[in-house]
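Heads up: the structure comes next, in structure tokens.
The values are calculated or read from the model by the stated rules, or taken from the named source; none is laboratory data. Bear in mind that the values here come from a model prediction, so they are computed numbers and not experimental data. All Cβ positions, glycine included, derive from the backbone under ideal geometry; neighbour counts span all protein chains shown. Quick note on the areas: whole protein, heavy atoms, side chains included, nothing else; ligands and nucleic acids left out. Shrake-Rupley method; radii C 1.70, N 1.55, O 1.52, S 1.80 Å.
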Amino acid sequence: MRAMVYRGPWKIRVEEKDVPPIEHPNDAIVRVTLAAICGSDLHLYHGMMPDTRVGMTFGHEFIGVVEEVGPSVQNLKRGDRVMVPFNVFCGSCFFCARGLYSNCHNVNPNATAVGGIYGYSHTCGGYDGGQAEFVRVPFADVGPSLIPEWMDDEDAVLLTDALATGYFGAQLGDIIEGDVVVVFGAGPVGLFAAKSAWLMGAGRVIVIDHLEYRLEKARTFAHAETYNFTEHDDVVVHMKKITEHLGADVAIDAVGAEADGNFVQHLTSVKLKLQGGSPVALNWAIDSVRKGGTVSVMGAYGPMFSAVKFGDAFNKGLTLRMNQCPVKRQWPRLFEHVRNGYLKPSDIVTHRIPLEHIAEGYYIFSAKLDDCIKPLIVPNAG
Amino acid sequence: MAYTADKPVLAESSDQLRARIPGWGVDLDPKDRPSVPRERFDPNLSGAHWDFPERQPEKRPRERSIEHEFLTPVFGTSCPPKGVSGMMRKHAYTLSEGRAAHWLILVAADRVDALGSHLRSFLTLHPDDPITESGVLSEISHHGMASRVGKKRADLAHQPLDPIIAVGPWVVAGGVVYVGLKGLLRAVTRAGRD
Ligand SMILES: NC(=O)c1ccc[n+]([C@@H]2O[C@H](COP(=O)([O-])OP(=O)(O)OC[C@H]3O[C@@H](n4cnc5c(N)ncnc54)[C@H](O)[C@@H]3O)[C@@H](O)[C@H]2O)c1
Ligand SMILES: [Zn+2]
Ligand SMILES: [Zn+2]
């Protein structure tokens with residue numbers, strides 16, 4: 001089969017690989033029909049995630065058709081069209097039994113500090129991902145769902161990560177009616193978080209980024225008020241000015257480890273890998289939210305330490321909430337929202353790239369060229 | 001505004017927002033939000049029909065965090081550790097996730113792995129190719145200039161560093177090959193003279 005393969009920081013290629021075999025009785029092998037590149041993939045692509053090995057296939061946002069199932073699989077059969085949450089999870093451990101699917105204890109031998117994620121380094125379990133023609137899907141009776149008849153493929157693929165995560169980010173803000181919500185980052189996750197904040201009754205939604213074309217999308221797609229942080233000396237002061245000097249009630253970090261806006265933070269994390277991530281947006285969130293407010297962190301950070309302004313969070317009495325999104329737990333409600341037209345995830349798709357050209361896809365998405373917001377990857381079978 | 005007890009007045013009322021934004025407030029009630037409360041015990045919800053999953057066969061020794069009691073019943077099988085980077089990784093896994101050294105050794109192993117893989121690729125029919133693997137030609141095909149010029153982008157300050165990191169391993173690999181060839185040539189000429 002053809003599969004994307006990591007060759008080192010900023011380098012990937014498409015190679016011929018064996019179709020993955022069934023390794024466990026509850027495995028399924030899925031033929032991928034549509035995949036996506038996520039902001040999280042950039043952390044791997046830039047070599048920031050410890051234990052990212054040359055030869056690994058990335059991709060944790062994908063849908064496909066069941067090709068083969070292991071002997072204990074009851075809920076799926078060959079030919080089923082499925083959407084697969086980005087989390088690998090068992091459904092039965094202490095954490096899964098409580099709904100914490102992204103924190104499963106039975107799928108990641110490499111680390112206890114994170115659950116299992118498809119195509120996301122050995123630190124997340126060493127699973128090859130879905131930017132390929134075929135992918136092994138463990139716990140086929142637990143993770144995947146059949147794609148509803150009425151759902152578009154492009155909506156389905158974005159439900160496996162970006163939409164579920166954006167909504168989750170707003171949800172962890174514990175928004176109440178009339179809250180002022182500021183979202184840092186106008187990528188897929190930030191756009192969906194901003195849009196979801198309204199569903200929860202936000203009274204004002206502000207989005208901050210430095211890419212004008214993405215801020216434009218935040219205005220049209222997410223009905224948000226936007227600011228370009230490069231136009232303000234100090235975005236934290238600006239945030240205070242526009243909130244009667246109190247700060248926002250809720251701040252959402254939808255940027256994560258590669259945040260811009262502070263050269264030293266960016267250099268020490270993205271380029272030199274001396275920090276788990278560049279917490280510029282997280283620090284802005286901490287400083288922009290009001291005392292007693294909530295910071296929801298959806299942006300991902302690596303397992304190493306990061307220079308976070310913890311003292312400010314402490315002295316302001318903030319609530320910090322965060323996690324990898326437990327995707328499948330979000331689905332029933334999100335399916336309703338997509339069906340009712342409140343959320344139309346595929347509106348943010350800008351590029352559809354054949355698997356063979358995935359290196360360009362990564363380059364465009366990483367360098368933010370060509371007004372790229374969300375690139376989809378189309379395998380030959382798609 | 002003086003610092004008083006009042007919550008600042010919003011520009012738009014809830015009714016105005018409901019009229020303007022499709023779906024405004026449909027999840028106002030936290031009960032309608034998924035994953036609320038964060039933990040809800042329901043072992044039958046997930047579709048799992050086991051108390052503890054069957055164990056995936058361990059076909060080769062699988063490295064694991066020493067914070068785990070045993071190898072998890074299911075695990076990924078991509079890219080087993082190999083060579084020098086593999087030895088470094090195995091050493092890293094003797095240290096807990098709580099130790100900075102665990103992660104720093106893994107990151108160092110990643111660099112060694114990448115460099116070694118580039119070098120090895122030159123001995124194959126499929127050598128690494130900096131042009132196609134970096135995707136850099138999309139600078140031309142996807143408006144590299146227009147995407148940057150005249151834009152207030154904060155990432156322009158560090159983007160010039162990217163090629164250095166991307167191409168660095170090739171430069172190092174080229175140097176290693178050059179020094180090696182020079183040494184070989186010298187040895188051959190010396191052998192010819194003797
Ligand atoms: N928690 C989860 O389950 C989960 C799931 C998916 C993605 N993520 C993470 O969410 C983050 C965003 O993902 P994405 O797909 O939207 O990525 P993306 O790269 O498309 O978006 C990031 C955006 O942040 C902007 N940005 C950079 N620095 C900023 C700053 N200081 N302030 C404001 N904006 C800034 C960038 O210009 C970009 O538009 C990533 O870190 C990703 O790893 C987490
Ligand atoms: Zn993701
Ligand atoms: Zn589990």
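Laid out as a table, the results:
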| item | result |
| --- | --- |
| Residue in segment B:38-47 that is touching a Pro at 6+ places or on another chain (Cβ under 8 Å), at the interface with chain A (Cβ under 8 Å from one of its Cβ atoms) and open to solvent by 60 Å² or more (accessible area, probe 1.4 Å) present | no |
| Top-ranked residue in segment A:199-232 [being in contact (Cβ under 8 Å) with a residue 60 or more places away in the chain and aliphatic (A, V, I, L, M); ranked as farthest from the other protein chains (Cβ to nearest Cβ)] | A:Ile208 |
| Number of the condition not met by A:Gly190 [criteria: (1) part of a helix (DSSP H, G or I); (2) touching a strand residue (DSSP E or B) at 6+ places or on another chain (Cβ under 7 Å); (3) away from ligand 1 (no atom under 13 Å from the Cβ)] | (3) |
| Tally of residues being farther than 22 Å from A:Arg214 by Cα and modelled with pLDDT of 95 or more across segment A:360-380 | 2 |
| Any chance A:Asp41 is touching a residue at least 40 places away in the same chain (Cβ under 8 Å) and within 14 Å of ligand 2 (Cβ to nearest atom) | yes |
| Pick from segment A:80-101, criterion within 15 Å of B:Arg40 (Cβ to Cβ) and under 19 Å from the mean Cα position of the chain (by Cα), ranking: surrounded by the most Cβ atoms within 10 Å (Cβ to Cβ) | A:Tyr101 |
| Of all residues in segment A:14-33 being surrounded by fewer than 24 Cβ atoms within 10 Å (Cβ to Cβ) and of a type in the set (A, V, I, L, M, F, W, C), the one that is farthest from ligand 3 (Cβ to nearest atom) | A:Val14 |
| Verdict on B:His91 being open to solvent by less than 90 Å² (accessible area, probe 1.4 Å) and at pLDDT 95 or above | no |
| Of all residues in segment A:71-107 being within 9 Å of chain B (Cβ to nearest Cβ) and within 16 Å of ligand 2 (Cβ to nearest atom), the one that is nearest to A:Asp128 (Cα to Cα) | A:Val88 |
| Some residue of segment A:60-70 being within 13 Å of chain B (Cβ to nearest Cβ), touching a residue at least 24 places away in the same chain (Cβ under 8 Å) and touching a strand residue (DSSP E or B) at 6+ places or on another chain (Cβ under 6 Å) | yes |
| Entirely in segment A:221-302, the helices (runs of 4 or more DSSP H) that have 3 or more residues that are within 16 Å of ligand 3 (Cβ to nearest atom) | none |
| Top-ranked residue of segment B:120-137 - restricted to ones that are crowded, with 19+ Cβ neighbours inside 10 Å and touching a residue at least 12 places away in the same chain (Cβ under 8 Å), ranked as farthest from B:Gly83 (Cα to Cα) | B:Val136 |
| Options B:Ala108, B:Ala146: the member that is modelled with pLDDT of 95 or more and either of a type in the set (Val, Ile, Thr) or open to solvent by 20 Å² or more (accessible area, probe 1.4 Å) (or both) | B:Ala108 |
| Residue match in segment B:80-93 (condition: within 9 Å of chain A (Cβ to nearest Cβ) and over 21 Å from the mean Cα position of the chain (by Cα)) | no |
| A:Ile37 being within 15 Å of the chain's Cα centre (by Cα), open to solvent by less than 10 Å² (accessible area, probe 1.4 Å) and within 30 Å of A:Gly79 (Cα to Cα) | yes |
| From A:Val264, A:Val255, A:Val237, residue being within 16 Å of ligand 2 (Cβ to nearest atom) and open to solvent by 50 Å² or more (accessible area, probe 1.4 Å) | A:Val255 |
| Criterion: over 21 Å from B:Ala157 (Cβ atoms), more than 24 Å from the chain's Cα centre (by Cα) and more than 9 Å from chain B (Cβ to nearest Cβ) - qualifying residue of A:Lys240, A:Lys309 | A:Lys240 |
| Residue in segment B:121-130 that is closer than 28 Å to A:His122 by Cα, more than 8 Å from chain A (Cβ to nearest Cβ) and within 19 Å of the chain's Cα centre (by Cα) present | no |
| Matching option when the condition is out of contact with any strand residue (DSSP E or B) (no Cβ under 8 Å at 6 or more places or on another chain), aromatic (Phe, Trp, Tyr) and part of a loop (DSSP other than H, G, I, E, B), among A:Tyr120, A:Tyr127 | A:Tyr120 |
| Segment A:318-336, residues that are out of contact with any Lys or Arg (no Cβ under 8 Å at 6 or more places or on another chain), at the interface with chain B (Cβ under 10 Å from one of its Cβ atoms) and surrounded by fewer than 21 Cβ atoms within 10 Å (Cβ to Cβ) | A:Arg321, A:Asn323, A:Trp331, A:Pro332, A:Glu336 |
| Matching residues in segment A:82-116 - criterion: being part of a loop (DSSP other than H, G, I, E, B), more than 14 Å from ligand 1 (Cβ to nearest atom) and more than 25 Å from B:Arg60 (Cβ to Cβ) | A:Gly91, A:Ser92, A:Phe94, A:Phe95, A:Gly99 |
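So that you can scan it fast, the table gives a plain yes or no per residue for (1) more than 16 Å from ligand 3 (Cβ to nearest atom); (2) among the polar types (S, T, N, Q); (3) free of Cβ contacts under 8 Å to residues at least 12 places away in the same chain:
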site: A:Ala36; (1), (2), (3): yes, no, no
site: A:Gly55; (1), (2), (3): yes, no, no
site: A:Leu76; (1), (2), (3): yes, no, no
site: A:Met83; (1), (2), (3): yes, no, no
site: A:Cys93; (1), (2), (3): no, no, no
site: A:Asn103; (1), (2), (3): no, yes, no
site: A:Gly116; (1), (2), (3): no, no, no
